[in-house]
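The values are calculated or read from the model by the stated rules, or taken from the named source; none is laboratory data. Everything quoted here is computed from the prediction, not taken from an experiment. Every residue, glycine among them, receives a Cβ derived from its backbone with ideal geometry; neighbour counts consider all protein chains shown.
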């Protein structure tokens, strides 16, 4: 059975923005992150992180460093993230996995039975909104991280603009039609 997914940007959306986060000890979840992810899981969403990590391509940190950060996120969120997908390439490398390209979302579609029509892309940057638009899925811009700064530069608007991930999640869940019990006659 297909399930909708919430594709989450990592830095500035799920966790506090740290320029080129390379050490687990510098990882900080927002105070609302755990509750937001729990609401998504309780509502039946897959929670999938899609993150550009050009620090790997710049040789600032390694793939192993990034995996250690993702492992710690899982510890702090009780393994609530269904998958992490990342692009290690530089912005000018021309790869198809770097947002706003759809490579990471295509990988998730290959790995999970996703209801793309009911899915969302949530992030704090213009590029996250563009990813959702390119993928023809609903988009939410959060004003944490770079969100407030990027809001002013948007040429096309997201489906939703929210103060933070928790507020976006509440709005997404509230806008999702609830299944109605069928009547038997």
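Considering only region 22-39, state which residues are out of contact with any helix residue (DSSP H, G or I) (no Cβ under 6 Å at 6 or more places or on another chain) and either part of a loop (DSSP other than H, G, I, E, B) or surrounded by 16 or more Cβ atoms within 10 Å (Cβ to Cβ) (or both).
Within region 22-39, 23, 28, 30, 31, 33, 37 meet the criteria.
Hey, any hits in region 136-144 for a residue that's farther than 22 Å from residue 29 by Cβ and not in a strand (DSSP E or B)?
Yes, some residue in region 136-144 is farther than 22 Å from residue 29 by Cβ and not in a strand (DSSP E or B).
Within region 110-131, is there a residue that is closer than 18 Å to residue 84 by Cβ and free of Cβ contacts under 8 Å to residues at least 24 places away in the same chain?
yes
Test of understanding: among 73, 69, 105, 56, which residue is in a helix (DSSP H, G or I), crowded, with 19+ Cβ neighbours inside 10 Å and free of Cβ contacts under 8 Å to residues at least 40 places away in the same chain?
On the way: 73 fails: free of Cβ contacts under 8 Å to residues at least 40 places away in the same chain; 69 fails: free of Cβ contacts under 8 Å to residues at least 40 places away in the same chain; 105 fails: free of Cβ contacts under 8 Å to residues at least 40 places away in the same chain.
The unique qualifying residue is 56.
Considering each of 158, 177, 100 in turn, give the residue that is loosely packed, with under 15 Cβ neighbours inside 10 Å and in a loop (DSSP other than H, G, I, E, B).
That would be 177, the only listed residue that is loosely packed, with under 15 Cβ neighbours inside 10 Å and in a loop (DSSP other than H, G, I, E, B).
Which numbered condition trips up residue 50, out of (1) buried (at least 18 other Cβ atoms within 10 Å of the Cβ); (2) part of a helix (DSSP H, G or I); (3) touching a helix residue (DSSP H, G or I) at 6+ places or on another chain (Cβ under 6 Å)?
The number of the failed condition is (2).
Could you give me the residue pairs with C-beta distances under 9 Å whose first residue belongs to region 19-36 and is modelled with pLDDT of 95 or more, whose second residue is surrounded by fewer than 14 Cβ atoms within 10 Å (Cβ to Cβ) and assigned to a loop (DSSP other than H, G, I, E, B) wherever it lies, and which are 6+ apart or on separate chains?
Every condition considered, the pairs that remain are 20/58; 22/62; 34/78.
So residue 149 clears everything in (1) in a loop (DSSP other than H, G, I, E, B); (2) without any contact (Cβ under 8 Å) to a residue 12 or more places away in the chain except one condition, right? Which one?
Status for residue 149: all satisfied but (1).
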